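*Asks:* Dropping a structure here in structure tokens format, bear with me for questions.
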Amino acid sequence: MSALTDLTLAEAARLLAAKKVSATELTQAHVDAIEALASLNAFIVTTPERALADAKRADGRIAAGEAGPLEGIPLAIKDLFCTAGIQTTAASRILGGFVPPYESTVSANLWRDGAVCLGKTNLDEFAMGSSNTTSAYGNVVNPWKRRGDNRDLVPGGSSGGSAAAVAARLCLGATATDTGGSIRQPAAFTGTVGIKPTYGRCSRWGIVAFASSLDQAGPMARTVEDCAILLRSMAGHDPKDSTSADIAVPDFAAALGHGVKGLRIGVPKEYRLEGLSPEIAALWEQGIAWLKEAGCTIHEIGLPHAKYALPAYYIVAPAEASSNLARYDGVRFGLRVPGDSLDAQYEATRGEGFGAEVRRRIMIGTYVLSAGYYDAYYLKAQKVRALIARDFDVAWESVDAILTPATPNAAFAIGENQDDPVTMYLNDIFTVTANLAGLPGIAVPAGLDASGLPLGLQVIGRAFDEETVFRVGRAIEQAAGFTAMPQLRAGA
Amino acid sequence: MTYTLEGTTGTWEVVVGLEVHAQVISQSKLFSGAATAFGAEPNTQVSFVDAAFPGMLPVINGECVAQAVRTGLGLNAQINLESRFDRKNYFYADLPAGYQISQYQHPIVGTGVVTIDLADGTTKEIGITRLHLEQDAGKSLHDQHPTKSYIDLNRAGVALMEIVSEPDIRSPEEAGAYLTKLRQILRYLGTCDGNMEEGSMRADVNVSVRKAGEAYRTRCEVKNVNSIRFVMQAVEAEARRQIAVWEEGGEVAQETRLFDSARGTTRSMRSKEHAHDYRYFPDPDLLPLVLDAGWVESLKAKLPELPDAKAARFMRDYGLPAYDARVLVAEQATADFYEAVAIGRDAKLAANWMMGDFFAALNRTGRTIADSPVSAANLGKLIDLIADATINGRIAKEVFEAMVETGDDPTAIVDAKGLRQVTDTGAIDAAVAEVLARNADKVAEYRSGKDKLFGFFVGQVMKAMAGKGNPALVNDVLRKQLG
């Protein structure tokens, strides 16, 4: 059993195609693993019957020679993607009992290509958080432990359930979403690979919205190649999402073979933050050295407005969220807490339905959009955003990709960083710029910290040039030879 | 002629601007594929987008955009090739998303102008500030349950055009004339049916008063007035109220009011919500709306002839007076009907028939142009029968009534009833001779200078001929015989 759950997605696909493994046994191994490691709380809903039915159908199609590119591959879906007939909660009480009658475009694309649905993974409520502790369904436990310390660590967030499930070998890959770092930070915290594609690459239709101008779906898996395979299925133009790009989806995995020789890699000097941990700084230097050895040239670049990215992000994202979450009012779906008047019903429903972090961001967002503050906050933040995008445009004149740390630190313990929201928000410091500029960014595991926890490097690329991002990510992956495994995993 | 109101402190001028919400004629809603037909069972025309389900996204309906552009062109307005959609945030049970998608800072249509026609025959230009596209909300039904409100989302998401005028209107009459002309233009364009009873056109009326030469004083907005007559009444009622407030030494507070049509007064809207801060911001689910100049040109090329242009053409081509032209172009169908009657005939005679007996018959029978019992072809034939002297004007009225009754061809009616006019001079000679013989005393009076009696003789002769005598010939013969 451990052998099947340890396979990469690409290996499993080859074995399935060669009929050396059946989708049913592969799926059963993952269903068993999910059950065995339920203590991770990685899933809000598991769908073993659906998974085995999907697998049976996949075996039939493989036998008939009609297999899709993901035929029989067991995947987990972040519970922010609406799944027809399967409860979708966004990890919020306010969506309690909500079963969508429709399927998100991204998940529908995966089922179209033959993937098997294992269930819905846990997340920070409405994808707001960096620790997965804001979920109404309880926190997710990181499969990794500090050496000699049995305390539970956070898997990162908001896609913590997907990250933990991938790391613990509960699935071969998972969908995730990234608004300010929600794919890349948990990937870094769990020693997995996650890519936030270019804004517009994947349809947002059917994904519960957090901040519409920043939200983007992407895959998490254990290798760069696996992410490349998954993204090809997830991506594509969708007329139902006006912001989805009508641009052809390349064969990302095929690009991996092109290597990185001659690529110009930018290293932004502004990212050498004051107080950057020596471990992270060393990892970054290591990454630079690896890419140099692989034939890249290294160039120091300036992203002069990057230092304003985090505050700008924490204005734009809550502003959009405060509006996007207005629909959860108890009138048409989800939780309703009755009141004597319409206003009383709103207050009771939203007061009980939303957790503290969501309420905080709705209040921040409402404030920054309100009369008299709009210009000082929202408008200013949009200007900063435009300047950040311009910084990158300038950078692309001299480099092909940018290398940065993925996070300022490794996974922290549950309960740490809880006192001050700003400390928590700092987790996004290296990732938010890519969201604000709409650029693709990948997090790849590159080493371990002194306590044995994984650390990741981030590669940012040009808009719609995920191919280069994957190539550089693959070069880091190969050079790092990251083989460490989490303590809590299937078969361990 | 300036409209003013007399107060105790002197003469007041009224300043009015109108915001008209016009429901766009389209098969589906502004951002969803749900149908827009009026009168369907509640909540049967609602998509998941309209109901703001999680993860649903708006996609702009190109036909609604085209309709807004056509309307802008019809209002002689600037078409903005780039516009933007914003979210207007507020909570209400019939607003599913908690925001209305509207155009706040960058509307699709900019400044334009509408020429209104006033009763004294003059015209006036009313400026258009802007036209923007927005979603309608659903409907709250408060009378279906003792404690709860019911929500019908059929209307939620239907496209509206908000057409904002400059504060150029100075009287109830001008307000009425503006709405009348605006509705005419929308109907000609086919962009809004202008049906105020069904709510597909509603007006918010901004009213203030001032003394001559003053700057604008504080205005109040009278919301959702749903007929032209009520708008005119609301202007006067609100103006009188404000004058009273000012003259009593008070201060008019800027507020939203409602028009109570039963009492003919306005009253402050007891806001079911609190002071709104709509927190407008660009809708991140939608890209800026960018129009191709060539596409706008192609819509312009296909615009129908609008009422003002049509009236000018009727005056020029058919020699109609302004009043006639205006009446005949009020509705596209009337204008088309008129042209079908008038072309190749005496256009003024055709206009007289339309505006006289024809409209009267429609009124009397409760019919419209569309289901008129008298077709344009038949009314044309009737005029032909007059022109070629088959019947005279008096008989024509009788034939017309028969046409209203039966819908028959006038020629057939004339033949069936034997109404052809008599042009045989022998018969007329005989009838005249008989009338003169019977009225020898009147003949003597006439000959001694009482010219007015000529009309009497004409009447007698026509009567003797059962109305069928050719009037010109009867006149000729009478003159000859009376010497």
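*Asks:* Work out which residues of segment A:93-126 lose at minimum 40 square angstrom of accessible surface when the other protein chains are put back, relative to the chain isolated, with a 1.4 angstrom probe, and list them by number.
*Replies:* A:Tyr102
*Asks:* State to the nearest 20 debye the size of the charge dipole of segment A:250-298 about its Cα centre, where the only charges are +1 on K and R beta carbons and -1 on D and E beta carbons. Provide the component values of the computation, followed by the final result.
*Replies:* Working: 5 positive and 6 negative charges, 47 e Å.
Its charge dipole is roughly 220 debye.
*Asks:* Ranked highest first by the average count of other Cβ atoms within 10 Å around their residues, in what order do B:121-129, A:52-60 fall? Before the final figure, lay out each step's value.
*Replies:* Details: B:121-129: 15.7, A:52-60: 19.2.
In descending order of packing, they fall as A:52-60, B:121-129.
*Asks:* Accessible area per residue, 1.4 Å probe, Å², for chain B: what's the number? Walk me through the intermediate numbers first.
*Replies:* On the way: 21800 Å² over 483 residues.
Accessible surface, normalised per residue, equals 45 Å².
*Asks:* Could you work out what % of the accessible surface of the protein assembly as shown is carbon and sulfur, using a 1.4 angstrom probe and leaving DNA, RNA and ligands out of the count? Don't skip to the answer; put the middle values down first.
*Replies:* On the way: 19780 of 37950 Å².
Answer for the protein assembly as shown is 52 percent, counting heavy atoms of protein chains only.
*Asks:* Quick check: Cα centre of segment B:42-118 to Cα centre of segment A:263-277, how many Å?
*Replies:* If we compute the Cα centre of each part, the gap is 46 Å.
*Asks:* Let me ask something else about it. For the Cα atoms of chain B, what angle does the longest principal axis make with the long axis of helix B:228-247, in degrees from 0 to 90, nearest 10?
*Replies:* 60 degrees
*Asks:* Calculate, in whole percent, how much of the Cα-Cα pair population of the protein assembly as shown lies beyond 56 Å.
*Replies:* Values: 161350 of 474825 pairs.
Result for the distance tail: 34 percent.
*Asks:* A further question follows. Find the sum over both chains of the accessible area lost when B and A are paired, probe 1.4 Å, and report it in Å² to the nearest 100.
*Replies:* Working: alone 23260 and 17540 Å², together 37950 Å².
Buried area (both sides, nearest 100 Å²): 2800 Å².
*Asks:* Would you kindly compute the Cα radius of gyration of segment B:305-417 and its largest Cα-Cα separation (Dmax), both in Å?
*Replies:* 13.7, 43
*Asks:* A follow-up question, please. Could you sort B:Glu13, B:Glu41, A:Glu11 by accessible area so the largest value comes first, with the probe set to 1.4 Å?
*Replies:* On the way: B:Glu13 40, B:Glu41 130, A:Glu11 75 Å².
Per-residue accessible area, sorted high to low, gives B:Glu41, A:Glu11, B:Glu13.
*Asks:* How far is the Cα center of segment B:296-339 from the Cα center of segment A:294-324, in Å?
*Replies:* The distance from the Cα centre of segment B:296-339 to that of segment A:294-324 comes to 59 Å.
*Asks:* Just how far, in whole angstrom, is segment A:25-102 from segment A:343-415 if you go by their alpha carbon centroids?
*Replies:* Using only Cα atoms, the two centres lie 31 Å from each other.
*Asks:* Ok, one more. Order B:Thr256, A:Thr47, most accessible first, counting only protein heavy atoms with a 1.4 angstrom probe. Write down the numbers at each step before the final one.
*Replies:* Working: B:Thr256 45, A:Thr47 15 Å².
Largest to smallest exposure gives the sequence B:Thr256, A:Thr47.
*Asks:* In Å², what does the accessible area per residue of segment A:257-384 work out to with a 1.4 Å probe?
*Replies:* Values: 5890 Å² over 128 residues.
The answer is 46 Å² per residue.
*Asks:* Grab the DSSP H runs of the protein assembly as shown that are 4 residues or longer, score each as -39,500 (n - 2.57), total them, divide by all residues and round the 222 nm result to the nearest 500 deg cm²/dmol. Please list the in-between numbers first.
*Replies:* Values: 33 runs with 367 residues, N = 975.
That calculation yields -11500 deg cm²/dmol at 222 nm.
*Asks:* Report, in degrees rounded to the nearest 10, the 0 to 90 angle that the Cα long axis of helix B:376-387 makes with the longest principal axis of chain B.
*Replies:* That works out to roughly 30 degrees.
*Asks:* Which whole-number percentage describes the relative contact order of segment B:4-299, with Cα contacts under 8 Å and a sequence gap of 6 or more? Walk me through the intermediate numbers first.
*Replies:* Numbers: 663 pairs, mean separation 71.9, N = 296.
Averaging sequence separation for qualifying contacts and normalising by length gives 24 percent for segment B:4-299.
*Asks:* To the nearest whole number, what is the average tally of beta carbon atoms from other chains within 10 Å of the beta carbons of peptide A:328-335?
*Replies:* Details: counts 3, 8, 1, 11, 8, 6, 2, 0.
What the average comes to for A:328-335 is 5.
*Asks:* Using only the alpha-carbon atoms, how far is helix B:471-482 inclined from the longest principal axis of chain B? Give it as 0 to 90 degrees, nearest 10.
*Replies:* So the helix axis and the longest Cα principal axis differ by about 30 degrees.
*Asks:* Here's another thing I want to ask about it. What's the average, rounded to a whole number, of partner chain beta-carbon atoms within 10 Å of each residue's beta-carbon in B:92-102? The partial results should precede the final answer.
*Replies:* Details: counts 4, 7, 1, 4, 6, 5, 10, 5, 0, 0, 0.
Mean inter-chain Cβ contacts per residue within 10 Å come to 4.
The values are calculated or read from the model by the stated rules, or taken from the named source; none is laboratory data. Computed from a predicted model, the values in this text were never measured in an experiment. Every residue, glycine as well, gets a Cβ built from its backbone with ideal geometry; the counts of neighbours run over all protein chains shown. Calculation scope for accessible area: heavy atoms of the full protein, side chains included, ligands and nucleic acids excluded. Shrake-Rupley method; radii C 1.70, N 1.55, O 1.52, S 1.80 Å.
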